[in-house]
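Trainee: One structure coming up, written as structure tokens, with questions to follow.
The values are calculated or read from the model by the stated rules, or taken from the named source; none is laboratory data. All of these numbers come straight from a predicted model, not from anything done at the bench. No Cβ is skipped: glycine too gets one built from the backbone with ideal geometry, and neighbour counts run over all protein chains shown.
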Amino acid sequence: MPSETSLRVLIVDDNRDGADALGLLLEELGHNVHVTYGGLQALDVAAAFRPDLLLVDLLMPDMDGYTLVSRFRQLPGFARMKIVAITGQKGDEHKDHAMQSGCDLVLYKPVTLAAVRMVLDNIAPARGSKTTSAVRSKVPAAPITDLRLPIGEARRLRNTRPSKNLTQAESEAAICDGIIRFQEEYLGWRSERILAHLIKDLLIVRIFGVLTLAERQLGRSASPEKGRNLIKQTRKQLLEIARPMLESLVYEAVGVKVVSMHHDISTTTGEEIVIFSLQQEPKFQ
């Protein structure tokens, strides 16, 4: 739900999966988001949307990010807009080129949740309070969960404590373990890595997996757009069928009911993002 500190964020990336997933995450964090898939379109959209923040890929076919940023910096109406480049191109020459073009910061793919929050937190206070905070040039280490805590052990820990609560790290680890077990037992496959992170009344789960052989063949046998849509639709339907089980898992791990669930998947890398909106902010040990 947008608030006084909500930002208008324009995402520009020709990788539709990545752009859509990032847009979904920012919307769930309460910001007003518009996603475009090319630089030329972004110039037209920005004139009406008037973004506070531009997240832009550097390598795009119609107009690369360096050129787009330079064009924006030449327009008086966008002089104060924050611009963050998001790129898979590592190396000082790419970063230097981006900064010379007019970027405030450069992030590298895959972008961590901590990096996204850092950018948002440094811009939103400047709009909502009298004090301003510049975007930092260094991105803090990502507070990620990469451990597993079986639900049975989480239940035992909760029962030994007067508060009957887990710590945030324990809750996140229990969710990771539960989703891994769910994938193995219900779907018959296992992802390479799962990360869960709780932010106020949101639970964000990133599943670093791979597409199944059938999905890869589907993507090759149909047109790219049709294959992409079918893969997304199939994965979403599987999660919807299993939604009661997933909501029960989340409730047992954090003690708060799920209000809504949103999903997106990259049909290139297989990475999925599942966002659970919770009834309220959980209480931790």
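Conditions (1) touching a residue at least 24 places away in the same chain (Cβ under 8 Å); (2) not small (Gly, Ala, Ser), marked per residue:
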residue: 212; (1), (2): no, yes
residue: 220; (1), (2): no, yes
residue: 226; (1), (2): no, yes
residue: 255; (1), (2): yes, no
residue: 283; (1), (2): yes, yes
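Trainee: Do you know which residues across region 40-82 are farther than 10 Å from residue 11 by Cα and in contact with an Asp or Glu (Cβ under 7 Å, 6 or more places away or on another chain)?
Mentor: If the condition is that a residue be farther than 10 Å from residue 11 by Cα and in contact with an Asp or Glu (Cβ under 7 Å, 6 or more places away or on another chain), then 40, 58, 60, 61, 65, 81, 82 are the ones that fit.
Trainee: I would also like to ask the following. Cβ-Cβ below 6 Å, separation at least six or inter-chain, first residue in region 42-58 and touching a residue at least 60 places away in the same chain (Cβ under 8 Å), second assigned to a helix (DSSP H, G or I): which pairs?
Mentor: 53/123
Trainee: Can you tell which of 206, 228, 220, 190 is touching a strand residue (DSSP E or B) at 6+ places or on another chain (Cβ under 7 Å) and assigned by TED's automatic domain parsing to the domain that holds residue 159?
Mentor: None of the other options fit; the residue is 206.
Trainee: Taking residue 248, is it modelled with pLDDT of 90 or more, in contact with a Ser or Thr (Cβ under 7 Å, 6 or more places away or on another chain) and exposed (fewer than 15 other Cβ atoms within 10 Å of the Cβ)?
Mentor: Numbers: modelled with pLDDT of 90 or more: yes; in contact with a Ser or Thr (Cβ under 7 Å, 6 or more places away or on another chain): no; exposed (fewer than 15 other Cβ atoms within 10 Å of the Cβ): yes.
No.
Trainee: Among the residues that make up region 177-193, is at least one of them among the hydroxyl-bearing types (Ser, Thr, Tyr) and touching a helix residue (DSSP H, G or I) at 6+ places or on another chain (Cβ under 9 Å)?
Mentor: Yes, there is a match, as at least one residue in region 177-193 is among the hydroxyl-bearing types (Ser, Thr, Tyr) and touching a helix residue (DSSP H, G or I) at 6+ places or on another chain (Cβ under 9 Å).
Trainee: Right, another one. Restricting region 207-254 to residues that are aliphatic (A, V, I, L, M) and not in a helix (DSSP H, G or I), which is farthest from residue 186 (Cα to Cα)? First the steps, then the outcome.
Mentor: Going residue by residue through region 207-254, those that are aliphatic (A, V, I, L, M) are 207, 210-211, 213-214, 218, 222, 230-231, 238-239, 241-242, 245-246, 249-250, 253-254.
Next, only the ones that are not in a helix (DSSP H, G or I) stay: 207, 210-211, 222, 242.
Numbers: 207: 16, 210: 17, 211: 16, 222: 27, 242: 8 Å.
It comes out as 222.
Trainee: Considering only region 67-86, how many residues are closer than 17 Å to residue 47 by Cβ, at pLDDT 90 or above and either in contact with a His (Cβ under 7 Å, 6 or more places away or on another chain) or of a type in the set (D, E, K, R) (or both)?
Mentor: Residues in region 67-86 being closer than 17 Å to residue 47 by Cβ, at pLDDT 90 or above and either in contact with a His (Cβ under 7 Å, 6 or more places away or on another chain) or of a type in the set (D, E, K, R) (or both): 2 in total.
Trainee: Sort out which residues of region 26-41 are in contact (Cβ under 8 Å) with a residue 40 or more places away in the chain and under 22 Å from residue 98 (Cβ atoms), and write them in order of number. If you could, list the steps in order and put the result at the bottom.
Mentor: Here is the first cut: in region 26-41, the ones in contact (Cβ under 8 Å) with a residue 40 or more places away in the chain are 26, 28-29, 31.
Residue satisfying the conditions is 26 alone.
Trainee: Right, another one. Cβ-Cβ under 8 Å, sequence separation 6+ or interchain: first residue in region 12-24 and surrounded by fewer than 22 Cβ atoms within 10 Å (Cβ to Cβ), partner assigned to a helix (DSSP H, G or I) and modelled with pLDDT under 90. Which pairs?
Mentor: As it stands, the answer is 16/228; 17/228, since those pairs meet every condition given.
Trainee: Here is a list: 163, 171. Which entry is in a helix (DSSP H, G or I) and either of a type in the set (Gly, Ala, Ser) or in contact with a Gly (Cβ under 9 Å, 6 or more places away or on another chain) (or both)? Break it down stepwise before answering.
Mentor: Numbers: 163 fails: in a helix (DSSP H, G or I).
Unique residue meeting the criteria: 171.
Trainee: Moving on. Determine which single condition residue 279 fails, assuming it passes every other condition in (1) buried (at least 16 other Cβ atoms within 10 Å of the Cβ); (2) closer than 23 Å to residue 151 by Cα; (3) touching a strand residue (DSSP E or B) at 6+ places or on another chain (Cβ under 8 Å).
Mentor: Going through (1) buried (at least 16 other Cβ atoms within 10 Å of the Cβ); (2) closer than 23 Å to residue 151 by Cα; (3) touching a strand residue (DSSP E or B) at 6+ places or on another chain (Cβ under 8 Å) one by one, residue 279 breaks only (1).
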